[in-house]
């Protein structure tokens, strides 16, 4: 073997070794949290159904189950393959991508899809409707049957905070806590109008608002978020990375680059531990 062939072989070996080590690190960091995932279909009246992605650690009996409402149109197209693999849209959404950081022995998550009769996903108006609240109530009832000892927390991000506002208020005793992240705090241009003048004090459960100080989405003024959260808990996020549309998940609006710190703060708040009022 020539010296050139030896060096080439050596480089190829090192590349393979590096890829293997990277794969091992990824597995070590994600497998415990994502040990069990299943798409659960919950029947609704009129022959419709609504699905959620239930994620829990193998063998766990969680104390908390987070019912999570992603942003945008909320359409995930959840599908479980015969081999157990999950396919879904909106993989970059903060709540979708953060589920692996949330799930452990004490926490499980249920990410809610749009119902079968809304193939194009949610409108802002539907998120504020009694029908939407009843759909979420059916999911909550299914989760309570699965985890009778667990407490339920309603969590939304961006447009999902329309859902947390109305279902948080109208299903008061269902929730131990309600969390609004990247809240649509400044409705305008015909968008997020159901939240204009919404009375957050009408929500029975304790509440947490989480907002990035540099959120540049026109519907999500940081100063407005501070105003509407008065009397409730608030976490200010700074730092991280921002790219693309300021109202999308890879901008500060989606806490890009701060996932782990934001999730740790939220979990501490839920669990009654010391929690930071600033994440940076």
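The values are calculated or read from the model by the stated rules, or taken from the named source; none is laboratory data. Since the model is a prediction, treat every value here as computed from it, not as a measurement. Here Cβ is always computed from backbone atoms with ideal geometry, including for glycine, and neighbour counts include all displayed protein chains.
Listed values, structure above:
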read-out	value
Members of the range 108-139 found to be touching a strand residue (DSSP E or B) at 6+ places or on another chain (Cβ under 6 Å) and buried (at least 18 other Cβ atoms within 10 Å of the Cβ), listed by number	108, 109, 110, 111, 112, 113, 115, 135, 139
Looking only at the range 201-235, and only at residues there that are out of contact with any helix residue (DSSP H, G or I) (no Cβ under 8 Å at 6 or more places or on another chain) and not in a helix (DSSP H, G or I), the one that is nearest to residue 187 (Cα to Cα)	219
Selection count where residues are outside any strand (DSSP E or B) and either over 17 Å from residue 41 (Cβ atoms) or touching a helix residue (DSSP H, G or I) at 6+ places or on another chain (Cβ under 6 Å) (or both), scope the range 145-170	17
Residues that are modelled with pLDDT under 95 and either part of a strand (DSSP E or B) or crowded, with 19+ Cβ neighbours inside 10 Å (or both), drawn from the range 87-99	87, 90
Yes/no for residue 265 being part of a helix (DSSP H, G or I), touching a strand residue (DSSP E or B) at 6+ places or on another chain (Cβ under 6 Å) and in contact (Cβ under 8 Å) with a residue 40 or more places away in the chain	yes
In the range 100-138, the residues that are closer than 16 Å to residue 37 by Cβ and out of contact with any helix residue (DSSP H, G or I) (no Cβ under 9 Å at 6 or more places or on another chain)	103, 113
Considering residues of the range 106-123 that are over 28 Å from residue 264 (Cβ atoms) and in contact (Cβ under 8 Å) with a residue 60 or more places away in the chain only, the residue farthest from the chain's Cα centre (by Cα)	117
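Listed here are the residues, each with its yes/no results for (1) within 21 Å of residue 151 (Cα to Cα); (2) in contact (Cβ under 8 Å) with a residue 12 or more places away in the chain; (3) not assigned by TED's automatic domain parsing to the domain that holds residue 265.
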residue	(1), (2), (3)
58	yes, yes, no
70	yes, yes, no
73	no, yes, no
76	no, yes, no
98	yes, yes, no
125	no, yes, no
131	no, no, no
139	yes, yes, no
